[in-house]
1. Quick one: which of 29-41, 173-185, 60-72 comes out on top by average Cβ neighbours within 10 Å, and what's the full order, highest first?
2. Rounded to the nearest 0.05, what FRET efficiency is calculated for residue 553 and residue 452 with R0 set to 41 Å and r the Cβ-Cβ distance?
3. When the Karplus curve 6.51 cos²θ - 1.76 cosθ + 1.60 is applied with θ = phi - 60°, which whole-Hz ³J(HN,Hα) does each residue of region 166-181 get, with x for Gly and Pro?
4. Could you give the dipole magnitude of the chain about its Cα centre, charging the beta-carbon of Lys and Arg +1 and that of Asp and Glu -1, in debye to the nearest 20?
5. Under the definition of Cα pairs under 8 Å and six or more residues apart, what whole-number percent is the relative contact order of the chain?
6. Extending each Cα 7 Å along its Cβ direction at residue 193 and residue 72, get the distance between those two points in nm, one decimal.
7. Only four residue types carry charge here, +1 at the Cβ of Lys and Arg and -1 at the Cβ of Asp and Glu. Report the dipole size of region 170-283 about the Cα centre in Debye, rounded to the nearest 20.
8. Enumerate the aspartates and glutamates that residue 272 could reach by cross-link, defined here as Cα to Cα under 12 Å, with residues fewer than 8 away along the same chain left out.
Amino acid sequence: MYESFNQAPPRLGNQYSGDRVLCSYLRRTLPPDVLEQVEPSLQEMGRLAGGHLYQMQLAYRLHEPQLTQWDAWGERVDRIELTPLWQEAERLAAESGVLAAAYEGRYGRFARSYQFALAYLFHPSTDIYTCPLAMTDGAARTLLHSGDRALIERAVPHLTSCDPRQFWTSGQWMTESTGGSDVGRAETLAREDAGGRGTWRLYGRKWFTSAATSQIALLLARPEGNVSGGRGLALFYLETRDESGHLCNIRINRLKDKLGTRKLPAAELSLKGTSAYLVMGASNGVANIVPMLHLTRTWNSVTAVAAMRRGLALARDYAAKRVAFGAPLSRKPLHVDTLAGLQAEMEAAFHLAFYLVELIGRDETGEIEAGDSELLRLLTSIVKLTTGRQAIAVASEVLEAFGGAGYLEDTGLPALLRDSQVFPIWEGTTNVLSLDVMRALARSEGLVAYRARLDACLHSAHDAGLLEAARVAQRALAHAEAWLHEVAEHGGPGVDSTSEAGARRFALTLGRALELALLIEQAQWSIDNEQDGRARAAARRFARSGIDLILDVDPADSLALANDELLPAG
Ligand code: MFK
């Protein structure tokens, strides 16, 4: 009987031990005794991510969370049933300490590197369960930063628990229909309860919240009588359900019908007199929620890299077994060239994201110098916006590397692209974060520390093959500095129309130049200590992949192009 050909699908091995970039980076940056202690749990997470969790992800591909708003007898219940993989991920996240690792104080400033290595392995096989983890991490850090003893004692032990029965997640509820970017326009009203016992009631609609299954949320609302804008908002803490499990004056209007991240029950909510407590005073809400944003943006960066890595792991395995025109794809020069470019992007992004993680580790343990503090503030936005854009480009190419199979839902591959599209959108779009970079530079010396770090990386390079790549990074930074100088002379401090129009190209240039420098540093170390030239190959390739993106653009041309059908000919 005639049997038609069946292609063997791509497979994953242990996602820790098979990840040369992660393993080599940890060998360089962690003290050997710390690495020895954390490696068994990284091995275990890598095994699950490439095995059981990945198999579940494929098996439950069609499952989505279900919202039941009413019970059979007309009672409003707003119950959300999670997918089987999310239920598994919830348990595993707690037990394996994906959150707790950053708070248990065992590894000092290296705790964050360990935690984010766990998160990087956990993310791609758990259908974005890292969204509630990111929010939870941000909430725990913000509450600790607030110094509010009662809230800290009440919530932080739950948020950082390794016991799934005790573990709570947090939501972050900022976005309203007035804007996810211009948060200062939020309309949710806060009214203090009579008696002044510190309880407030919240009224409003949160248009887009993170997972609506969280036990607590940090959110913004405007105390009655406060001024408009971000300063008039206050940061609040609330618990979503009472002891019997009923939502506390919260209605889940609907789950959001998203392009991707569809296993994540992001929701639109109405607050109907929900009890809440102030965190850090009755104003300055935007400034007070910033510690949360810094962590959620870091999670965004690390998970963007993790998504790229997953796509590449699948594409590489496939290329080795897929035969076309007489040879495996892995031997075809053009396919090889394409995958090489993607690997270089991923590898560069990896080092940028984990450098940000290192800075956070040092910041949280008080081992950071003043200049690096300013660098941390600047990089949070730069890293998030740079890696977010890379993730989409890589995911799109990964799908193409599978040909038609990359376009078929039951391979599980299209979700890689849909889910990646979220990285540049949530937690601040590329443009909004680029403007944040300009504002940060107008107020701080972050660029001095940036240059010092970039120079230190480049000076570490002595391999002849890395020196040309180092010059590319130097030239890109010099061009970025010259551009900044020019726009500052033209418009004075702050953001004017010239600097605003070029802010994205400027921020991406800073992101890519530092990616290249950090990759060069790793490459030199790997040559010297591991006799491995693969990071060098990545650095050399990345240096040829568009580092300096700054262009001279005529604003009049931009205005005419952007408004093509709105403006008269001329
Ligand atoms: C994967 C699943 C996806 C689905 C789930 C998604 C759930 C939905 C979750 C979301 O809602 S995603 C959308 C999240 N939205 C954002 O991340 C906000 C983006 N917008 C910004 O970041 C704006 O720049 C910002 C809201 C901060 C601007 O607000 P304002 O009111 O114009 O504030 P301003 O004056 O710029 O800053 C107020 C204070 O905060 C200032 O300090 P001072 O009061 O001391 O002067 C700023 O310096 C400070 N600040 C702002 N951004 C900062 C910062 N400080 C440090 N770092 C920053 N990044």
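Taken together, the values in this text are just the output of simple stated rules run on the coordinates, not laboratory data. All figures in this text were calculated on a predicted structure; none of them were measured in a lab. Using ideal geometry, Cβ is built from the backbone for each residue, glycine included, and neighbour counts are taken over all protein chains shown.
1. Highest mean packing first, the order is 173-185, 29-41, 60-72.
2. Once the sixth-power term is evaluated, E becomes 0.85.
3. 9, 5, 10, 10, 10, x, 10, 10, 10, 5, 10, 5, 6, x, x, 9
4. Computed about the Cα centre, the dipole is about 620 debye.
5. Details: 986 pairs, mean separation 69.5, N = 570.
Here the relative contact order equals 12 percent.
6. 3.6
7. The dipole of region 170-283 has a size of about 340 debye.
8. Answer for residue 272, where 12 Å is the Cα cut-off: none of the aspartates and glutamates qualify.
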